[in-house]
Amino acid sequence: MSQSIFSWRTGSCEVFMLTEHQGPGNPDILLDADHALVQKYIPGGNFISGVNVFLVREGKRIVLFDTGFGRQIFDSMKTLGIEREEVSAVLITHLHGDHFMGLERDGKALFPAADVLLSEKERDSGISAPPGGPGKSAAAVLAPYGGRVKTFTPGTLTKAEPLLPGIGAIAAYGHTAGHTVYLIESAGEKLLITGDMIHAGAIQFPAPDISVSFDTDPGAARVSRREILAWAAAGGIPLGGMHLAYPALGTVRAENGGYHFTPAG
């Protein structure tokens, strides 16, 4: 696979990380980051950040987690032999532009057979807001899907809200009001799709109390990050993130009050 695609397996599910962008991150987004910590984990402020989505294929069922801006991912899907029309559901972590703008173009749904699922709280809080930059509102992007936009209330780490067979939703509020992570379960194996829980993995894994300027509620984001990382580490549950550096999938273990991330592969 090229550096735009990374493949993984969770039980009977094929999981593909599709990246639209990998490049230098901006250390100015870090909040309350002690200078010594920055120098220790990202000397000179240098770290790699991505814009990623995840695609799950199980038999004929194809589910997409976020859409990015809708650029490179369509080429990557074609590389995998997957057409947009085959996607049956798109699960949105939150309504920032780099996570859902790829749903629509020129007033038309880019995934014409798909339901779009997102948390009710996120829909209600972000529907009229600009998508994190120049562009259409969330309402305009979602409009072509009409009644195929479906909302839910996310569950908890111990009781995910079931959405589709083998896929549940977990509340991870703080980055946005309704930010959601998704749990994939198949044949006794699990994978967490963590959305924007972490932006700068090089420093936020070992120092998870550091939030970023994009977080609507940095304190709540910190709590969510701590809880999810602790749960993943204790259960040996792999995770993938939308802004992690390639391959954007791996495992975490508790270490010195924070966490060590080991990339897959």
Residue, surrounded by the fewest Cβ atoms within 10 Å (Cβ to Cβ), within segment 218-260, restricted to residues that are β-branched (Val, Ile, Thr) and farther than 24 Å from Asp98 by Cβ: Thr251
Are there any pairs with C-beta distances below 6 angstrom linking a residue in segment 189-213 that is within 26 Å of Ala160 (Cα to Cα) and at pLDDT 95 or above to a residue that is among the polar types (S, T, N, Q) and surrounded by fewer than 24 Cβ atoms within 10 Å (Cβ to Cβ), with the two at least 6 apart or on different chains, and if so which? Glu189/Thr10; Leu191/Thr10
Against the conditions (1) surrounded by fewer than 19 Cβ atoms within 10 Å (Cβ to Cβ); (2) of a type outside the set (Ser, Thr, Tyr); (3) farther than 24 Å from Gly174 by Cα, where does Ile73 fall short? Just the number, please. (1)
Taking Gly68 as the residue in question, decide whether it is crowded, with 22+ Cβ neighbours inside 10 Å, touching a His at 6+ places or on another chain (Cβ under 6 Å) and either of a type outside the set (A, V, I, L, M, F, W, C) or on the phi > 0 side of the Ramachandran plot (or both). no
Taking only segment 176-200 into account, find how many residues are within 29 Å of Ser7 (Cα to Cα) and assigned to a loop (DSSP other than H, G, I, E, B). 12
Kindly establish whether Ile203 is farther than 27 Å from Cys13 by Cα, touching a helix residue (DSSP H, G or I) at 6+ places or on another chain (Cβ under 7 Å), assigned to a helix (DSSP H, G or I) and not acidic (Asp, Glu). yes
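The values are calculated or read from the model by the stated rules, or taken from the named source; none is laboratory data. All values reported here derive from a predicted model rather than from experimental measurement. Counting neighbours? That spans all protein chains shown, and the Cβs are built from the backbone with ideal geometry, glycine included.
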